[in-house]
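A short worksheet on the structure shown next.
The values are calculated or read from the model by the stated rules, or taken from the named source; none is laboratory data. These numbers come from a predicted model, not from an experiment. For neighbour counting, all protein chains shown are included, and Cβ atoms are generated from backbone atoms with ideal geometry for every residue, glycine included.
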Amino acid sequence: MSADVNTGTREFILPDLGEGLTEAELISWKVEIGDEVHVDQMVVEVESAKSVVELPCPYAGQVVSLHANAGDTVSAGQALLTVAEAGVEMGAGDEGDGGTPASVSQSGSSTENSSGANLIGYGTSEPKTRSAKKRSFGGKHAAAPAVPTVIPDAPSQPPAETPASPSNSSTTANDRVSPVSSPLVRKLAKDHGISAKSLPGTGPGGVVTRADVMAAIESGAGAAAHVPAGTSPAKASSPAASSDQSDRDTRTPITGLRKVVSERLTKSRQEIPEATIWLDVDATELLATKKALEARTGEKYSLLSLVARFVVAGLKKYPIINSSIDTAAGEIVTHGDINLGLAAQTPRGLMVPVVHGAGELSLRQLRDSVSGTVGKAASGKFDPSELTGGTFTLNNYGVFGVDGSAPIINLPEVAMLGLGRIKDRPWVVDGELTVRKVMYLSFVFDHRACDGQEPSEFLTFVADCIENPISLLPEL
C-alpha cells in the first residue's frame, strides 16, 4: 500500500495473490477516472494463473488515475489505481501526471476507511508516512517526476536538476525515452524491431501502451526503421519481406495460466521417471448399468461419475497410488483423504479442479460434485480452493475423439488415469466374435513411488469394474 498523508490520496496496490503467485493480467476496469468509489467496491478484474477474480478497493473517494491498461501484466505490490479521499480537492494537473501524488508538507492528515473485507496486505491501521517520491509504472521502486523528463542521448552527462523547458529543448521525439508499463508491450515492440521507449506514450504519465506500439507497427515503423549504427541497409532485412512475414505470423505471449501450465508440465517431464501402461476394456455392461440406473432412479448419471466411483474404490484398495512425492524431504506422502482432480479444458486453458473428500461421498454425492465441476469448466472460473489439494487426477480425453494418450502426471501427484473414447469394435465373448463397446484406459505412474505391480493391479481393478460393474459391490 502506498499513501500520501498530505494530499489525502491512496494507491490501491495489487495484493498478495497467495499460492506463490506474483503477477496477474488485468482483464478489465469496473471504474473510470473521475468515478466515486466506496469501500469494498469491485473496481478491477484480474486473471492470475489460478483464477479470474474481481478485486475490491479498500478506500473510498474519487478515482484520479488508473495505472495499467486491460491486457497489461501487473505484479503484486504494483499500484493499480489512485483514489483521492472524499473532501480532498485535486489540482488541475493531478490527473495529467499519471496519478502520482504530489509532494507537500508533512502536516496533513487523513482517515483511512475501515473495510469489512480486507485484502491480503491491507489492514485497518493508519499507514506509515513515506517520502514523497514518485513511482513510475515500470517498476515498484523506481522514482519518476510528475512529467516525463526529456533525457538527452548522452549517458555521460548528468541529468539537469529541473526538466528542460519545451521551448528551450532541441531534443526530438526520436530521442525521448518514455516509460513502458508492461513487459508484454516491450516484447511486442521488440518482435517488430521497434524500441518501445522511443515511442510517444499516450498512457497515464506518458506511458507507452500496446495501442502505441500497434500504431507504430501499422505506420511501418519496424526493423528497417531501426537499423543499428554501422549496419548497412543492404544487410538489413527487406522491409517488404519483414512486413509479409509479420502479417502471416501470430505471436502469443506465454502468460497467466498458460505460463504456469507450461512450467508445471515441463518440470513433470524433467523430474518424474514415469511409466505408462494401458488396457482395452469392454464397456458394454457399463453402458447398460448406466441406463438401468437412470431408469430405476429417474436421475441422470454420467459415465465419468461412474468411473470416478470405481477409481475411488481402487485408490482405497491401493493407497500408494493416492500419494505424492515430497522432493525436498525425500519422502513419499500417502494421503489419508482422496481428493479427486478432474482434468478440464476451459476457455482459459487446461485446469484441474478438485473434488475434495471424494472417498467419503456416496455415488449420488460424487455424481453431483463431478457434474458441478464439469459445469464450471465452461467458464473456467474456479475458486482458488477448488484448484488445490488434489491427490489423484482423472483425465477424460475421450470427449475429444481420441483412443489413448500418455498423459503427463500432475505434480506432485504420482499417477493419472486417462479415459479414451468408447467405440464399436470386434470383441471375443465366450469364444464368439461379436461387436462390443470398447474403450482404452491409459495409466501413467511415477516409478519413484512404486514399481509395476500396484499400478497394474489398480488398472486391472478399474477395468474389471467397468466390464462388470456388479463386481464393485463387495468393495462398497
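Listing for the model above:
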{"quantity": "Residue satisfying condition, being assigned by TED's automatic domain parsing to the domain that holds K316, under 28 Å from K267 (Cβ atoms) and either crowded, with 19+ Cβ neighbours inside 10 Å or out of contact with any helix residue (DSSP H, G or I) (no Cβ under 6 Å at 6 or more places or on another chain) (or both), within set L411, L459, L433", "calculated": "L459"}
{"quantity": "Residue that is nearest to G77 (Cα to Cα) [pool: residues in region 18-32 that are modelled with pLDDT under 80 and in a loop (DSSP other than H, G, I, E, B)]", "calculated": "T22"}
{"quantity": "Any hit, region 31-53, residues being hydroxyl-bearing (S, T, Y) and more than 20 Å from the chain's Cα centre (by Cα)", "calculated": "no"}
{"quantity": "Flag for G256 being within 28 Å of the chain's Cα centre (by Cα), of a type outside the set (A, V, I, L, M, F, W, C), under 18 Å from G398 (Cβ atoms) and surrounded by 19 or more Cβ atoms within 10 Å (Cβ to Cβ)", "calculated": "no"}
{"quantity": "Some residue of region 355-369 being in a strand (DSSP E or B) and either within 17 Å of the chain's Cα centre (by Cα) or assigned by TED's automatic domain parsing to the domain that holds M416 (or both)", "calculated": "yes"}
{"quantity": "Scan of region 380-397 for residues that are outside any loop (DSSP other than H, G, I, E, B) and either within 14 Å of F443 (Cα to Cα) or among the acidic types (D, E) (or both), ordered by number", "calculated": "E386, F392, T393, L394, N395, N396, Y397"}
{"quantity": "Test set (1) among the charged types (D, E, K, R); (2) within 17 Å of the chain's Cα centre (by Cα); (3) surrounded by 16 or more Cβ atoms within 10 Å (Cβ to Cβ) - D383 fails condition number", "calculated": "(3)"}
{"quantity": "Matching option when the condition is modelled with pLDDT under 80 and loosely packed, with under 15 Cβ neighbours inside 10 Å, among D249, D244", "calculated": "D244"}
{"quantity": "Test: A329 is exposed (fewer than 15 other Cβ atoms within 10 Å of the Cβ), in contact (Cβ under 8 Å) with a residue 12 or more places away in the chain and not in a helix (DSSP H, G or I)", "calculated": "no"}
{"quantity": "Strands (runs of 3 or more DSSP E) wholly inside region 407-476 containing at least 2 residues that are acidic (D, E) and either over 25 Å from A358 (Cα atoms) or out of contact with any His (no Cβ under 9 Å at 6 or more places or on another chain) (or both)", "calculated": "432-446"}
{"quantity": "Residue that is modelled with pLDDT of 95 or more and more than 18 Å from L366 (Cα to Cα), where the choices are T327, T266, T276, T334", "calculated": "T334"}
{"quantity": "Single unsatisfied condition, I320 versus (1) assigned to a helix (DSSP H, G or I); (2) in contact (Cβ under 8 Å) with a residue 60 or more places away in the chain; (3) under 28 Å from K437 (Cβ atoms)", "calculated": "(3)"}
{"quantity": "Residue selected from region 345-377 under the condition touching a strand residue (DSSP E or B) at 6+ places or on another chain (Cβ under 6 Å) and of a type in the set (S, T, N, Q), by the criterion farthest from P407 (Cα to Cα)", "calculated": "S369"}
{"quantity": "Test: residue in region 413-431 that is out of contact with any strand residue (DSSP E or B) (no Cβ under 9 Å at 6 or more places or on another chain) and not basic (K, R)", "calculated": "yes"}
{"quantity": "Looking only at region 252-310, and only at residues there that are in contact with a Leu (Cβ under 7 Å, 6 or more places away or on another chain), hydroxyl-bearing (S, T, Y) and assigned to a helix (DSSP H, G or I), the one that is farthest from P426 (Cα to Cα)", "calculated": "S268"}
{"quantity": "Checklist (1) in contact with a helix residue (DSSP H, G or I) (Cβ under 9 Å, 6 or more places away or on another chain); (2) surrounded by fewer than 18 Cβ atoms within 10 Å (Cβ to Cβ) applied to I338, failing item", "calculated": "(2)"}
{"quantity": "Residue satisfying condition, being in the same structural domain as G341 (by TED's automatic domain parsing), touching a residue at least 12 places away in the same chain (Cβ under 8 Å) and buried (at least 20 other Cβ atoms within 10 Å of the Cβ), within set A377, A406, A449", "calculated": "A449"}
